[in-house]
Amino acid sequence: MRIEPLRYERIRNMRIDRDLTQQEIAQVLHIKQNTYSQYETGTLNYPLEVVAALAQFYGTSVDYLLGLTDEQRPYPRRRE
């Protein structure tokens, strides 16, 4: 089984497509801007809770952010 690398460019592209700054996304995630910058460049792997928060923020799936699918639409959410 071959494990694909994380798709760092996806979080960058989604941010840019929405005209958001790294600082704005860092504030949403409650992290420093330089930490978020390292996620976008692949210098630092982003933790699962960050992936989940970004997927929810952007209205997409974790699979899309991880590069497991090219479909941006999220799966139906579980009912609470």
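The values are calculated or read from the model by the stated rules, or taken from the named source; none is laboratory data. All of these numbers come straight from a predicted model, not from anything done at the bench. Virtual Cβ from ideal backbone geometry, glycine too; neighbours counted across all protein chains shown. Just so you know, the surface numbers come from the protein's heavy atoms only, side chains and all, with ligands and any DNA or RNA stripped out. Shrake-Rupley method; radii C 1.70, N 1.55, O 1.52, S 1.80 Å.
Of the residues that sit in the range 37-80 and are basic (Lys, Arg) and farther than 19 Å from residue 17 by Cα, which one is surrounded by the most Cβ atoms within 10 Å (Cβ to Cβ)?
77
Mind listing whichever residues of the range 40-67 are of a type in the set (Ser, Thr, Tyr) and either free of Cβ contacts under 8 Å to residues at least 12 places away in the same chain or in contact with a Lys or Arg (Cβ under 9 Å, 6 or more places away or on another chain) (or both)? Before you say what the answer is, go through the steps one by one.
Within the range 40-67, the first condition is being of a type in the set (Ser, Thr, Tyr), and the residues that meet it are 41, 43, 46, 58, 60-61, 64.
Hits for the range 40-67 are 41, 43, 58, 60, 61, 64.
Is the range 6-13 home to any residue that is at pLDDT below 90, outside any loop (DSSP other than H, G, I, E, B) and out of contact with any strand residue (DSSP E or B) (no Cβ under 8 Å at 6 or more places or on another chain)?
The answer is yes, given that some residue of the range 6-13 is at pLDDT below 90, outside any loop (DSSP other than H, G, I, E, B) and out of contact with any strand residue (DSSP E or B) (no Cβ under 8 Å at 6 or more places or on another chain).
Here is a list: 12, 7. Which entry is touching a helix residue (DSSP H, G or I) at 6+ places or on another chain (Cβ under 8 Å), open to solvent by 100 Å² or more (accessible area, probe 1.4 Å) and touching a residue at least 12 places away in the same chain (Cβ under 8 Å)?
12
For the range 45-62, which positions are at pLDDT 90 or above and under 18 Å from residue 13 (Cβ atoms)?
Result: 50, 51, 53, 54, 55, 56, 57, 58, 59, 60, 61, 62.
Within the range 15-36, restricting attention to residues that are open to solvent by 50 Å² or more (accessible area, probe 1.4 Å) and of a type in the set (Val, Ile, Thr), which residue is farthest from residue 74 (Cα to Cα)?
Kept after step one, since they are open to solvent by 50 Å² or more (accessible area, probe 1.4 Å), are these residues of the range 15-36: 16-19, 21, 23-24, 27-28, 30, 32-34.
Retained after the next criterion (residues that are of a type in the set (Val, Ile, Thr)): 16, 21, 28.
Working: 16: 19, 21: 23, 28: 20 Å.
For the range 15-36, the residue satisfying everything is 21.
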